[in-house]
Amino acid sequence: MTTPVPGGTSGNFFNAASAWTSGDHNVQNNYFTVRFPDPVETAAQKLGKVVLAQWRQEAALRGLLDPEPIPVRWHARSSRESGDHLRLTGNPIEGSAADLGSFACAFLLLRQRRLVVLGGAGSGKTTLAVLLVIELLQRMREGAPAPVLLSLASSRPRVEHLATWLEQQLLREYPYLSAETVRILVQDQRILPVLDGLDELPTADRPEALLKLNSALAAGGSLVLTCRTKDYAEAIGPASVLRSAAVVQADPLTAQEASGYLLKCATPQHLARWQPLADALTRGPFSPVARALSVPLLLWLCRVVYERPAPDRLPVRLTNPCSFPTAEAIERHLLHALVPSVYPSGPQPPPQPGRKASRRWSKEDRDQGSGRVSRWFGYLAGHLKQRRKPDLAWWELGTSMHPLSRLTVIGLVSGASIGLMAWLVDWVIYTLAYVVGPAPWRMSWPASGVQVGRMDVRDIGLPAALVFALAHGIGVAFKGTALEPSRVQIDIRSGR
């Protein structure tokens, strides 16, 4: 394309973005624009695509969008209860999980784009976090941070900075990223951390985590945090609320909302199976089944458990007062089917580009895995019930055994290990003596080796077994629980 140029003087023009030349015939001869890609922007956009593919697949596996989300309503919490000053947070936000577009718009209008999501067990906090990440990623434009959903349970706020922990999690979850790229993305605030489960941290660490989060966000940045309502209220007492963050809390589902959701999820051919339960919910909004299905997790489980048609598995059985007289009975019935309902079956989906490859499971794992997982969870649940604490520590798993049995096992294992180690050392010494020693020594070597082994067990193994068993027993007696192993950091490169 040519364009006349005033005057007849030939010349060249250039700037950072464009260049052109003009000749004596008053005609523009060349025009072009030079634009160099920003590596930080390229990395953020690629990470956004990887995370979007990840949580789209996860939402499909969980049935969060099939055919639509559970209509959980989220109302704004009063700043006096658990929020910050309105001048710092901006206008309160409210919305429904069934209209994530409006909810995401309200979040983006917050002054600092910080949000705390509260609710009870099974109220849909994690579901909202997943759906919000998907919605924000679909709206992601140039210069915007990439939302990344991470579990807060692995953090150690007393010994690890938020940025350091965030970098480690990104490198673990998305191994295609380099350490330098991750560090730049975090420092340039091109990551929007969506941290799920403040309540999954030990109780003593939750106030410290809030203090460290506020410290890390002092220079700016966005954040989404989920937590159970009661645990958040207890944590902000000795610490502080998340500064400049709006707070929303889940409302229980009404009987009408639960009824409508079940009918919308049913196909036209199966409406007759769900209609009696839906009618019972509408007629009895305070019935046991209505109170049970007011929890989003239990409503979703009800749909999943009774999704496949079977003559002896009709959803209306939940309304039977003889089989399920209370909401707690319905809750136990549905939670009993949780693991078989969510445990993966069938072929595993292909690995996602840019993600850490998951372990491939065999046909035996698919066929029998849910039963084994149910037994494992049952054991852990019994262990926590015995301890009367919600926190699980691996070194305390043995406390579910009888104290005398536990002391016996610890003593035998410790004594056998130390006795075997001592015998191996003596065996090496006797072997060297057999090779280089005089003839009489060689003739007595086999019998002497056996005798030394017996002496090691008697003189070293048995005392060690007694010492370790008593030490464990004394520790449990004084502390009331198993001894916690100490954390030791060793720098191999420097030799410390």
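The values are calculated or read from the model by the stated rules, or taken from the named source; none is laboratory data. Quick caveat: nothing in here was measured; it's all calculated off a predicted structure. In this analysis, Cβ positions are derived from the backbone assuming ideal geometry, glycine residues included, and neighbour counts consider all displayed protein chains.
A few remarks follow.
- A single entry from SER79, SER22, SER18 fulfils the requirement of being at pLDDT below 80, closer than 30 Å to ALA250 by Cα, of a type in the set (Gly, Ala, Ser) and surrounded by 11 or more Cβ atoms within 10 Å (Cβ to Cβ): SER79.
- Given (1) more than 22 Å from the chain's Cα centre (by Cα); (2) within 25 Å of ALA144 (Cβ to Cβ); (3) among the basic types (Lys, Arg), number of the condition ARG77 does not satisfy: (2)
- So ARG111, is it surrounded by fewer than 20 Cβ atoms within 10 Å (Cβ to Cβ), more than 20 Å from ALA246 (Cα to Cα), among the basic types (Lys, Arg) and out of contact with any Lys or Arg (no Cβ under 7 Å at 6 or more places or on another chain): no
- Pair list, Cβ < 7 Å and 6+ apart or interchain, from the stretch 191-206 residues that are without any contact (Cβ under 8 Å) to a residue 40 or more places away in the chain to residues that are acidic (Asp, Glu): ASP199/ASP231; ARG206/ASP231
- Total residues in the stretch 257-291, condition of a type in the set (Val, Ile, Thr) and touching a residue at least 24 places away in the same chain (Cβ under 8 Å): 2
- Condition check for ARG87: among the charged types (D, E, K, R), closer than 30 Å to THR42 by Cα and without any contact (Cβ under 8 Å) to a residue 24 or more places away in the chain: no
- Condition check for ARG183: of a type in the set (Lys, Arg), over 20 Å from the mean Cα position of the chain (by Cα), in a helix (DSSP H, G or I) and on the phi < 0 side of the Ramachandran plot: yes
- On the stretch given as the stretch 145-168, residues that are within 20 Å of TRP55 (Cα to Cα), without any contact (Cβ under 8 Å) to a residue 24 or more places away in the chain and buried (at least 19 other Cβ atoms within 10 Å of the Cβ) total 1.
- Filter pass, PRO238 being within 21 Å of the chain's Cα centre (by Cα) and either under 15 Å from ARG158 (Cβ atoms) or assigned to a strand (DSSP E or B) (or both): no
- Yes/no for ALA239 being of a type in the set (A, V, I, L, M), surrounded by 15 or more Cβ atoms within 10 Å (Cβ to Cβ) and touching a strand residue (DSSP E or B) at 6+ places or on another chain (Cβ under 8 Å): no
- Residue in the stretch 63-78 that is outside any helix (DSSP H, G or I), aliphatic (A, V, I, L, M) and either in contact with a strand residue (DSSP E or B) (Cβ under 9 Å, 6 or more places away or on another chain) or under 20 Å from ARG355 (Cα atoms) (or both) present: yes
Per-residue answers, yes or no, for (1) of a type outside the set (D, E, K, R); (2) assigned to a loop (DSSP other than H, G, I, E, B); (3) modelled with pLDDT under 90:
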position: PRO6; (1), (2), (3): yes, yes, yes
position: THR9; (1), (2), (3): yes, yes, yes
position: ASN30; (1), (2), (3): yes, no, yes
position: ALA53; (1), (2), (3): yes, no, no
position: LEU61; (1), (2), (3): yes, no, yes
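- Being surrounded by fewer than 18 Cβ atoms within 10 Å (Cβ to Cβ), in contact (Cβ under 8 Å) with a residue 12 or more places away in the chain and among the polar types (S, T, N, Q) is a property that SER178 lacks.
- Any hit, the stretch 274-296, residues being among the aromatic types (Phe, Trp, Tyr), outside any helix (DSSP H, G or I) and either in contact with a Pro (Cβ under 7 Å, 6 or more places away or on another chain) or at pLDDT below 95 (or both): yes
- Residues that are assigned to a loop (DSSP other than H, G, I, E, B), in contact with a helix residue (DSSP H, G or I) (Cβ under 9 Å, 6 or more places away or on another chain) and of a type outside the set (D, E, K, R), drawn from the stretch 106-147: LEU110, GLN112, GLY120, ALA121, GLY122, SER123, GLY124, MET140, GLY143, ALA144, PRO145
- For THR254, the criteria (1) free of Cβ contacts under 8 Å to residues at least 60 places away in the same chain; (2) among the hydroxyl-bearing types (Ser, Thr, Tyr); (3) on the phi > 0 side of the Ramachandran plot hold in every case but one, which is (3).
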